[in-house]
Amino acid sequence: MKNNKKTVLSGIQPSGELCIANYIGAMKNWIKIQEDYNSIFLIVDLHSITVSQVPSELRKRCYSYLCQYLAVGIDPEKSIIAIQSHIPEHLELMWILNTITPLGDLSRMTQFKDKTKKNKENINSGLFTYPVLMASDILLYNADLVPVGADQKQHLELTRNLAEKFNNKFSPTFSIPDPLIPERGSRIMSLQDPNSKMSKSDANLNNLISLLDDPDLIVRKIKRAVTDSKSEINYTNSKGLANLIDIYSSFSEKSIDEIEQFYIGKQYSDFKSDLGQIIIESLKPIQKKYSQIIKDKTYLDTILKNNSSKASQIARKTISKVYRKVGLVSKARLIY
Ligand code: TRP
């Protein structure tokens with residue numbers, strides 16, 4: 001990737017079913033980003049095992065995510081799509097970064113606090129050092145920009161601190177990455193509880209629409225989505241309705257104003273039924289492409305192989321540099 005373009009890197013944990021919140025808040029933007037940046041989109045499987053997973057399902061889900069990355073339009077010739085665990089340098093850099101990460105910084109991470117509250121029976125040290133692995137994902141490729149949800153801002157702040165600390169302690173090595181937080185409207189909320197965000201790991205599947213949900217299910221979930229007892233379609237009526245209008249706007253590329261105008265004199269049921277159809281039609285090409293490629297393991301493995309070898313080339317360079325700066329004896333000396 002020797003060019004003047006900046007590097008963008010992002011990742012999603014393979015836990016739960018990818019949902020429209022991932023699509024609207026992240027993946028849809030990745031498709032545009034890949035045209036102008038060197039881009040790396042990871043399936044961060046090593047992060048996902050900080051929470052207990054069923055091994056056979058995790059493995060299947062990684063392939064399913066890969067297919068969905070491809071089906072929404074991420075081009076494996078333009079972007080690097082890789083499974084994190086295929087590039088062991090992530091773990092090598094993590095160790096080095098661990099040695100400069102203050103314990104206090106990790107214990108201040110709100111996501112760690114939240115996760116340990118929810119996950120009392122499995123508070124493992126992976127959950128604690130999770131942000132250091134994320135920092136290594138980002139710094140390994142010298143990413144300039146990192147598209148993430150607002151909940152990841154603190155992890156990115158830590159990444160920047162670690163990069164600066166390393167650069168100061170040794171010598172300039174890492175770019176300092178900036179977060180790219182999606183604008184309002186691309187933050188999609190739960191259908192049943194519009195005060196919390198729509199999450200692919202939600203146990204209640206009525207809260208989310210998966211990218212692979214079939215049309216009947218989509219219609220049913222939208223019908224059941226919480227709104228309010230008002231009658232005009234107005235963005236300010238309730239969080240629930242505003243969320244549905246945001247989803248409508250994102251899939252139809254119509255503005256909130258246009259949508260409100262269009263539904264003057266119409267009912268919530270008209271709006272919901274149109275919204276269901278818009279989502280169904282938007283997901284149709286994605287689902288079609290998905291079903292074409294999901295069974296073609298050879299094709300998928302070729303993509304994984306080619307892409308992780310591209311990623312490894314960059315990663316190897318960074319690790320050699322980092323090991324040298326830290327004072328480790330180069331193994332390459334012994335071989336050549
Ligand atoms: N922690 C991120 C999340 O849960 C996922 C992630 C891991 C990530 N590594 C990353 C995101 C690197 C951006 C860049 O959303």
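The values are calculated or read from the model by the stated rules, or taken from the named source; none is laboratory data. Predicted model only: the values in this text are computed from it and were never measured. For neighbour counting, all protein chains shown are included, and Cβ atoms are generated from backbone atoms with ideal geometry for every residue, glycine included. Protein only, heavy atoms only, side chains kept; ligands, DNA and RNA dropped before computing areas. Shrake-Rupley method; radii C 1.70, N 1.55, O 1.52, S 1.80 Å.
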List the pairs from 223/295; 239/266; 117/169 whose alpha-carbon separation is above 24 Å, in the order I gave them. 223/295; 117/169
One finds, for residue 53 and residue 254 with R0 = 30 angstrom and r their Cβ-Cβ distance, a FRET efficiency to the nearest 0.05 of 0.15
Residue-wise HN-Hα coupling along the stretch 122-132, computed from phi with Karplus coefficients 6.51, -1.76, 1.60 (Hz; x: Gly, Pro): 9, 8, 9, 6, x, 4, 6, 8, 2, x, 6
Residue separation between residue 217 and residue 171 times 0.36 nm, minus their alpha-carbon distance, gives in nm 11.1 nm
Relative compactness, the chain, computed as alpha-carbon Rg over 2.2 N^0.38 Å: 1.07
Inter-probe distance in nm under a simple model that places probes 7 Å from Cα toward Cβ, at residue 229 and residue 305: 6.4
Compute the accessible area per residue over the stretch 205-292, keeping the other protein chains in place, probe 1.4 Å, unit Å². 52
Helix 215-224: inclination vs the chain longest Cα principal axis, degrees, rounded to 10, gives 70
For a protection proxy built on the mean count of beta-carbon atoms within 10 angstrom, sort 257-266, 125-134 highest first, please. 125-134, 257-266
Quantify, in whole percent, the carbon and sulfur part of the accessible surface of the chain (1.4 Å probe; protein heavy atoms only). 52
Accessible surface, per residue, of the stretch 37-161 when the full set of protein chains is kept, probe 1.4 Å, Å²: 41
Wrap a convex hull around the Cα atoms of the stretch 72-143, take a quarter of its surface area, and give that in square nanometres. 6.6
Computed helical MRE - 222 nm, the chain, DSSP H runs ≥ 4 contributing -39500 (n - 2.57), nearest 500: -17000 deg cm²/dmol
Phi-derived 3J(HN,Hα) across the stretch 109-115 with the Karplus relation (6.51, -1.76, 1.60, θ = phi - 60°), rounded Hz, x for Gly and Pro, is 5, 5, 5, 4, 4, 4, 5
With everything on Cα atoms, drop me the angle between helix 153-169 and the longest principal axis of the chain, reported from 0 to 90° to the nearest 10. 20
Quick one: plug the Kirkwood hydrodynamic radius of the stretch 1-133 (C-alpha pairs) into Stokes-Einstein at 10 °C, 1.306 mPa s, and report D in µm²/s. 98
Can you list the HN-Hα couplings for the stretch 255-262, worked out from phi with the Karplus curve (6.51, -1.76, 1.60; θ = phi - 60°), rounded to whole Hz and with x for Gly and Pro? 7, 4, 4, 4, 5, 4, 4, 4
Between residue 81 and residues 5 or more places away or on another chain, which pairs have amide H atoms under 5 Å apart, with H built 1.01 Å from N, and which residues are they? 41
What is the distance in Å between the Cα centroid of the stretch 139-197 and that of the stretch 69-96? 17
Extreme residue, positive dipole direction of the chain, given options 49, 207, 285 (C-beta unit charges): 49
Which peptide among 207-220, 49-62 comes first, and what is the full order, when sorted by highest mean count of other Cβ atoms within 10 Å? 207-220, 49-62
Helix 297-326: angle to the longest alpha-carbon principal axis of the chain, degrees 0 to 90, nearest 10? 50
Sort 300-311, 7-18, 86-97 for me by packing, meaning the mean count of neighbouring Cβ atoms within 10 Å per residue, highest on top. 7-18, 86-97, 300-311
Among the lysines, which have Cα under 28 Å from the Cα of residue 297 when same-chain residues fewer than 8 positions away are ignored? 28, 32, 60, 78, 200, 284, 288, 289, 305, 310
Once the stretch 273-315 is represented by equal point scatterers at the alpha-carbon sites, with solvent omitted, what log10 I(q)/I(0) does the Debye formula produce at q = 0.16, 0.30 Å⁻¹? -0.61, -0.93
Calculate the FRET efficiency for residue 118 and residue 4 from the Cβ-Cβ distance with a Förster distance of 35 Å, rounded to the nearest 0.05. 0.20
So in the chain, what percent of DSSP beta bridges are antiparallel if you round to the nearest 5? 10
